[in-house]
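Peer 1: Below you'll find the structure I mean.
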């Protein structure tokens, strides 16, 4: 039986979180925003806060409020929250994971949920990365 890994120092956790967020999540968010704009939606990607949160906001052109997918760090528990917010019904879904949850499979699953459930839209880039029957 192996012991769980000891917690990282806050500085190391923040560094790994920031690097992983920019290297793995940001390009997927940008690609999703581009696909959303091509489908006639308004979509923006931005960072805010400290530690940085990465957020993809998507809205239909006639609405002022946006649904979003946000990735945020929880320093107290050294974990990551993947948060989906759906403006249509005010629902929030949160998936918690470690730093390793910032990966293409988890992000694609969250992006697919945001666009499918929030806008009845399938993202071509996400569909292209996963074989039929994935969802």
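Readers should treat all values here as calculations from the given coordinates under stated rules, not as data from a laboratory. Everything numeric in this text was worked out from a predicted model, so none of it was measured. Here the Cβ positions follow ideal geometry from the backbone for every residue, glycine too, while neighbour counts run over all protein chains shown.
Peer 1: Could you give the length gained on full extension between residue 127 and residue 75, defined as 0.36 nm per residue of separation minus the Cα-Cα distance, in nm?
Peer 2: 15.4 nm
Peer 1: Then there's this: Can you give the calculated 222 nm mean residue ellipticity of the chain, where each DSSP H run of n ≥ 4 adds -39,500 (n - 2.57) and the sum is split over every residue, rounded to the nearest 500 deg cm²/dmol?
Peer 2: Estimated from H runs of four or more residues: -10500 deg cm²/dmol.
Peer 1: In percent, what relative contact order does the chain have, based on Cα pairs under 8 Å that are 6 or more apart in sequence?
Peer 2: Relative contact order comes out at 19 percent.
Peer 1: So, one more: Place the peptides 73-82, 106-115 in order of packing, highest mean first, counting for every residue the other Cβ atoms within 10 Å and averaging per peptide.
Peer 2: Values: 73-82: 15.9, 106-115: 20.8.
By packing density, highest mean first, the sequence is 106-115, 73-82.
Peer 1: Can I ask one more? Which length gain, in nm to one decimal place, applies between residue 38 and residue 12 when the Cα-Cα distance is subtracted from 0.36 nm times their residue separation?
Peer 2: Here the answer is 5.5 nm.
Peer 1: Take each of the peptides 12-18, 51-57, average the number of other beta-carbon atoms within 10 Å over its residues, and list them starting from the highest.
Peer 2: Result, highest mean first: 51-57, 12-18.
Peer 1: Expressed as an acute angle from 0 to 90° and rounded to the nearest 10, what is the orientation of the C-alpha long axis of helix 26-38 relative to the principal long axis of the chain?
Peer 2: Long axis of 26-38 versus the principal axis of the chain: about 10 degrees.
Peer 1: What list of whole percents do you get for P(r) of the range 1-89, with Cα-Cα distances grouped in 10 Å bins up to the one holding the largest distance?
Peer 2: Percent of pairs per bin, in order: 16, 41, 26, 13, 4, 1.
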